[in-house]
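What follows is calculated from the coordinates using simple rules that are stated; it is not laboratory data. Everything numeric here is computed off the predicted structure, so don't read it as measured data. We place every Cβ from the backbone using ideal geometry, glycine too, and count neighbours over all the protein chains shown.
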Amino acid sequence: MLFELSFLAWLGLLVSALLIGMAKTGLHGVAMPTVPLLALMFGAKDSTGLALGMLVAADIMAVLYYHRHADWSVLWRVFPAAGVGVVFGTLMGDLITDAGFALAMVIFIVVSLLLMVWQELKQSVWVPKHPVFAVSAGVLGGVTTMVGNMAGPVMSLYLLSQRLPKQTYIGTVAWFFLAVNLFKIPFHVFAWETITVDTILINCLMVPIIGLGAWTGIQLVKRIGDKNYRWFIIATTGLTAIVMLLRS
């Protein structure tokens, strides 16, 4: 596969790698075009294994830079449920329809968005800590990250609802996705067989581009204030919900 890729396929990979690097270091939402782009070039299911390698590389870069800023009390509320979601997504990946998957995502995103907007407009300091909310976010995040590498909107909104400062939010997101994406690798290798020698070689070639994207994301995030950053995440997540609804 490595030597059979067209110029457009390589261009798509380069763009995807750059956007993934930017997204993982704080500009969450900018990597959304990579999901349909890679699916178009390599197939919906096969592209998830290829994307996973790039995501892990970007996760490592994000953790190296933001590792001191994570809120582990928030992470431990969602880790077990996310693990269950990954297993469920692995078993049910071929049975979940695109329309049903998109609808579940959109419902969760819209409800969470309304909560986020209400918090911002009312300048509320109330933080939703009910276990049902954390478990729902964790399970849905695990399923969506396994089925389509699309847990970003779900977890972004959940962690944003916890009123974390910008640096802590980014560090917490980075640790969450590094742990979950590493947990997913055996399922992609042995259950779905979507990670191969070819995908690993392509991932290695993309590392410098991912690094460039990560550096760009860090520099841009530094220039965004906490309040504006929260609105940026809300806006990009809302756009994601609209795109998913239109595609479904």
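Each residue of the stretch 232-238 was assigned a 3J(HN,Hα) from its phi angle through the Karplus curve 6.51 cos²θ - 1.76 cosθ + 1.60 (θ = phi - 60°); the sequence is 4, 5, 4, 5, 5, 6, x Hz, with glycine and proline shown as x.
Kindly provide the chymotrypsin sites (Phe, Trp or Tyr not before Pro) of the stretch 1-79 that DSSP labels as loop, not H, G, I, E or B, and whose Cβ sees at most 12 other Cβ atoms within 10 Å. Qualifying residues, ordered by number: Phe3. The radius of gyration of the Cα set in the stretch 26-90, together with its Dmax, comes out at 14.3, 39 angstrom.
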